[in-house]
Structures are given as structure tokens and as C-alpha cells.
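Report on the structure given below.
The values are calculated or read from the model by the stated rules, or taken from the named source; none is laboratory data. Given the structure is predicted, the values throughout are model-derived calculations rather than measurements. Here the Cβ positions follow ideal geometry from the backbone for every residue, glycine too, while neighbour counts run over all protein chains shown. Accessible surface areas use protein heavy atoms only, side chains included; no ligands, DNA or RNA. Shrake-Rupley method; radii C 1.70, N 1.55, O 1.52, S 1.80 Å.
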Amino acid sequence: MKEEQNFYIIDKSVLPGVFLKVMEVKNLLESGKEKTVQDAVARVGISRSAFYKYRDAIFPLYENTRGKTVTISINLDHTPGLLSSVLNGVAMYGANILTINQTIPINGIANVTLTIETNELTGDLSGLIKKIEATKGIQSLKIIARE
């Protein structure tokens, strides 16, 4: 019987350094700045065995979300057109909106929960999240689920 996998979103500031170095190696290889694993791990300062041990256990959020669904909770000001701006931003990134749930505004703040499909994303998920967060009137944003 295969063991069930669990995934967590963790702030990189609390990760042990080896995980961040594994990501550096992966980025060097992907960008073509280093041609071999040996050269990349030497440049970053970890062993090849550490890289191979953790390479399939850490990845950027956007890499694992291609073709998946992501549910985002957004608190936004009760301002005409603000939700439309958010939805246009999602559309600009090529994400498909599966569900939209909005609460009645209380004290001028409404909560919107969006579930989006990311298989047609033209950028990465972190870019989309930053774009939404930068929209004037967005109070907070959290990724609450990922499938």
C-alpha cells in the first residue's frame, strides 16, 4: 500500500538551509547557469547526496500547482469594481475560475473565496498572488487549499 503524501506551505525563512540550497541548485540547472549537478552543488556548497535526497521533496509553489486547483481567500474593501479587478487579474494570468463565493460586506470588508484551475497559467502562481495583493483595496489574501 502506497503511503499517502501530505503537502504543506511553509515560509522559506524557517526552512533548514539545505532545502534552500537544493532550490538554488535546481534553479542553476534549470536556468542553464550550470550544466551538471556536480558543478551546481559545488557552487552552492552542498553534497550531491544531499541534493538527490531532497530534490523531489522541495519545489516552488507554482511548480507543483500546474494543472491543479488552488483556493484563495481574499478580504477586500467594499468598493465598486474591486472584485472585477481581481477577477481580471486572474484572467490575465490564464487561470480558470471554478468557483466564486462572496460574503455580504461587514464593516466595509467582504470576503471572497476563489477556486481557480491553474493548468493554463501563463505565469507562476506566486506572481498572480502578488498581483492580487498589490491591488488597492485588498486587505489580506491567503491560500487556503491546494489540490
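Within segment 55-71, does at least one residue satisfy the condition of being part of a helix (DSSP H, G or I), modelled with pLDDT of 90 or more and open to solvent by 60 Å² or more (accessible area, probe 1.4 Å)? Give the steps one after another, and end with the answer.
Of segment 55-71, the ones part of a helix (DSSP H, G or I) are 63-65.
When the remaining residues are screened for being modelled with pLDDT of 90 or more, the result is none.
No.
Does Phe19 satisfy the criteria of being modelled with pLDDT under 95, of a type in the set (Phe, Trp, Tyr) and in a helix (DSSP H, G or I)? Yes; evaluated as a whole, the condition is true for this residue.
Being of a type in the set (Val, Ile, Thr), open to solvent by 60 Å² or more (accessible area, probe 1.4 Å) and either within 19 Å of Ile143 (Cα to Cα) or touching a residue at least 12 places away in the same chain (Cβ under 8 Å) (or both) narrows it down to one residue among Ile74, Ile109, Ile46, Ile100; which is it?
Details: Ile74 fails: open to solvent by 60 Å² or more (accessible area, probe 1.4 Å); Ile109 fails: open to solvent by 60 Å² or more (accessible area, probe 1.4 Å); Ile46 fails: open to solvent by 60 Å² or more (accessible area, probe 1.4 Å).
None of the others qualify; the one that does is Ile100.
Determine which member of the set Lys35, Lys12 is in contact with a helix residue (DSSP H, G or I) (Cβ under 9 Å, 6 or more places away or on another chain) and modelled with pLDDT under 90. Explain how you work it out, then say what you get.
Values: Lys35 fails: modelled with pLDDT under 90.
Of Lys35, Lys12, the one residue that is in contact with a helix residue (DSSP H, G or I) (Cβ under 9 Å, 6 or more places away or on another chain) and modelled with pLDDT under 90 is Lys12.
Take Ile129 and decide whether it is out of contact with any helix residue (DSSP H, G or I) (no Cβ under 6 Å at 6 or more places or on another chain), hydrophobic (A, V, I, L, M, F, W, C), in contact (Cβ under 8 Å) with a residue 12 or more places away in the chain and surrounded by fewer than 17 Cβ atoms within 10 Å (Cβ to Cβ). It is false that Ile129 is out of contact with any helix residue (DSSP H, G or I) (no Cβ under 6 Å at 6 or more places or on another chain), hydrophobic (A, V, I, L, M, F, W, C), in contact (Cβ under 8 Å) with a residue 12 or more places away in the chain and surrounded by fewer than 17 Cβ atoms within 10 Å (Cβ to Cβ).
Could we say that Lys142 is part of a helix (DSSP H, G or I), within 27 Å of Phe59 (Cβ to Cβ) and either within 13 Å of the chain's Cα centre (by Cα) or in contact (Cβ under 8 Å) with a residue 60 or more places away in the chain (or both) here? Give the steps one after another, and end with the answer.
Values: part of a helix (DSSP H, G or I): no; within 27 Å of Phe59 (Cβ to Cβ): yes; either within 13 Å of the chain's Cα centre (by Cα) or in contact (Cβ under 8 Å) with a residue 60 or more places away in the chain (or both): yes.
Judged against the criteria, Lys142 is not a match.
Set side by side, the residues Leu29, Leu87 differ, and just one is under 26 Å from Ile9 (Cα atoms), without any contact (Cβ under 8 Å) to a residue 12 or more places away in the chain, part of a helix (DSSP H, G or I) and open to solvent by less than 60 Å² (accessible area, probe 1.4 Å), which is Leu29. Residue check: Arg146 meets all listed conditions (1) open to solvent by less than 30 Å² (accessible area, probe 1.4 Å); (2) touching a Ser or Thr at 6+ places or on another chain (Cβ under 9 Å) but one, namely (1).
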